[in-house]
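Novice: Got a structure for you, written out below as structure tokens; questions coming shortly.
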Amino acid sequence: GMCHLDAGMTEQGLREIGTDDLDLVVLENVGNLVCPAEFNIGENFRIALLSVPEGDDKPLKYPLMFSICDVVLINKCDTLSVFDDFSKEAMKERILKLNPDAKIFFVSAKTGEGFDEWADWIRTEISEYQK
């Protein structure tokens, strides 16, 4: 009945699976672009995932989510030729206006575009966290 995870749920889940042998745990919060933005779940980084077909206006509609995200992944970049009204530049500008420190990665799960940069960022952050 809830529209989001909370820190207690995160703690319980991590305790149950154990984390001794893990370098990275990814939690996919449930809900929309409103509720999850309002709750800390004990994460080190907040990552928003959206896709080109959703439109480049999402930061205008959901400013809180984009103002608190450390990373924004924009998937389905392989569809840019079909969704020609989507502007990568407008999307970046809108996100960075809300959150100048946000990292933005344009990726395609279909073609693999952008995943090298995304994976490099993850590896760097894990390395820094472990120090």
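Novice: Tell me, what is the per residue accessible area of segment 1-114 in Å², probe radius 1.4 Å?
Specialist: 62
Novice: What's the FRET efficiency of ALA90 with ALA7 using the Cβ-Cβ distance as r and R₀ = 35 Å, to the nearest 0.05?
Specialist: Given R0 = 35 Å and the Cβ-Cβ separation, E is 0.50.
Novice: Leaving ligands, DNA and RNA out of it, report the carbon-plus-sulfur percent of the accessible area of the chain at a 1.4 Å probe.
Specialist: It is 51 percent, rounded to a whole number.
Novice: Can you compute the equivalent ellipsoid semi-axes for segment 55-131, i.e. the square root of 5 times each eigenvalue of the Cα gyration tensor, sorted largest first and rounded to whole Å?
Specialist: 23, 18, 8
Novice: Right, another one. Roughly how tilted is helix 115-130, in degrees to the nearest 10 and between 0 and 90, from the longest Cα axis of the chain?
Specialist: Approximately 30 degrees, to the nearest 10.
Novice: OK, next. Calculate the spin-label point distance for PHE115 paired with ASP101, positioning each point 7 Å from the Cα along the beta-carbon direction, and give it in nanometres.
Specialist: Going from the ASP101 label point to the PHE115 one covers 3.0 nm.
Novice: Nearest 20 debye, what's the magnitude of the dipole of the chain about its Cα centre given +1 on Lys and Arg Cβ and -1 on Asp and Glu Cβ?
Specialist: The dipole of the chain has a size of about 340 debye.
Novice: So if the hydrodynamic radius of the chain is defined as the Kirkwood radius over C-alpha pairs, what does Stokes-Einstein give as its diffusion coefficient at 4 °C and 1.567 mPa s, in µm² per second?
Specialist: Translational diffusion coefficient: 81 µm²/s.
Novice: Between ILE126 and ASP20, with labels modelled 7 Å along Cα→Cβ, what's the label distance in nm to one decimal, could you check?
Specialist: For the pair ILE126/ASP20, the computed spacing is 2.0 nm.
Novice: How far is helix 88-98 tilted off the main Cα axis of the chain, in degrees rounded to 10, range 0 to 90?
Specialist: Taking Cα atoms only, the helix is inclined about 50 degrees.
Novice: While we're on this one: How large is the helix-only mean residue ellipticity at 222 nm for the chain, computed as the sum of -39500 (n - 2.57) over DSSP H runs with n ≥ 4, divided by its residue count, in deg cm²/dmol to the nearest 500?
Specialist: -10500 deg cm²/dmol
The values are calculated or read from the model by the stated rules, or taken from the named source; none is laboratory data. Everything quoted here is computed from the prediction, not taken from an experiment. Heads up, the Cβs are rebuilt from the backbone with ideal geometry, glycines too, and the neighbour counts pull from every protein chain shown. Please note that ligands, DNA and RNA were not included when accessible areas were found on the heavy atoms of the full protein model with its side chains. Shrake-Rupley method; radii C 1.70, N 1.55, O 1.52, S 1.80 Å.
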